[in-house]
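Below: one structure, written as structure tokens.
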Amino acid sequence: MKGVSQAELPADRKHLYKLEAGFSNISLELLVQLAQTLKMEPSTLMVLLQSADEAASPEFVLEKIRAELDEFGRLGGSAELARQLELGGQQARNAARDSRTAEIRACKARGLTQRQTAAELSLSKSTVARAW
């Protein structure tokens, strides 16, 4: 594949055999190294693997991915991901918790019950109860 010898691949023959035979799972690190060796994007390898696994064309897999990305963006996922990357892990969790607590308190101030608040905000009743 792509004129790369087995010696150039980022894993020994035994490990590659186990991966190919389905006896072992690939780590993200090895996937990235393999993609770099093959001068491909890691996502290209993932699409090819998924298309083989589903007996579907890579184009069909890409259409599904495009639809999922569109839905992710429509639901605000892209903005939330950017915010989390900008803030960093713990700060993003703290900001999300503070925002959620403010939304819960606003529902409480409007006279909603905990159950109604949970339904309106798509949260579990226990999450609402902790912030109530």
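Structure notes:
- Of the helices (runs of 4 or more DSSP H) contained entirely in the range 38-117, those carrying at least 3 residues that are within 30 Å of G22 (Cα to Cα) and at pLDDT below 95 fall at 42-54.
- So E59, is it within 20 Å of the chain's Cα centre (by Cα) and of a type in the set (D, E): no
- Tabulated pairs, the range 50-70, first within 21 Å of L31 (Cα to Cα) and outside the structural domain of E20 (by the TED database), second loosely packed, with under 12 Cβ neighbours inside 10 Å and among the small types (G, A, S), C-beta under 8 angstrom, 6+ apart or interchain: S51/S57
- Cβ-Cβ contacts under 6 Å between residues 6 or more apart (or on different chains), taken from a first residue in the range 8-33 that is more than 16 Å from L49 (Cβ to Cβ) and surrounded by fewer than 10 Cβ atoms within 10 Å (Cβ to Cβ) to a second residue that is among the hydrophobic types (A, V, I, L, M, F, W, C) and at pLDDT 80 or above, are absent.
- Test: residue in the range 5-16 that is under 27 Å from E63 (Cβ atoms) and in a loop (DSSP other than H, G, I, E, B): no
- Taking the criterion of being among the acidic types (D, E) and either touching a Leu at 6+ places or on another chain (Cβ under 9 Å) or crowded, with 16+ Cβ neighbours inside 10 Å (or both), the residues of the range 86-132 that qualify are E103, E120.
The values are calculated or read from the model by the stated rules, or taken from the named source; none is laboratory data. Just so it is clear, the structure is predicted and the values come from calculations on it, not from any experiment. Note that each Cβ is placed from the backbone with ideal geometry, even for glycine, and that neighbours are counted across all protein chains shown.
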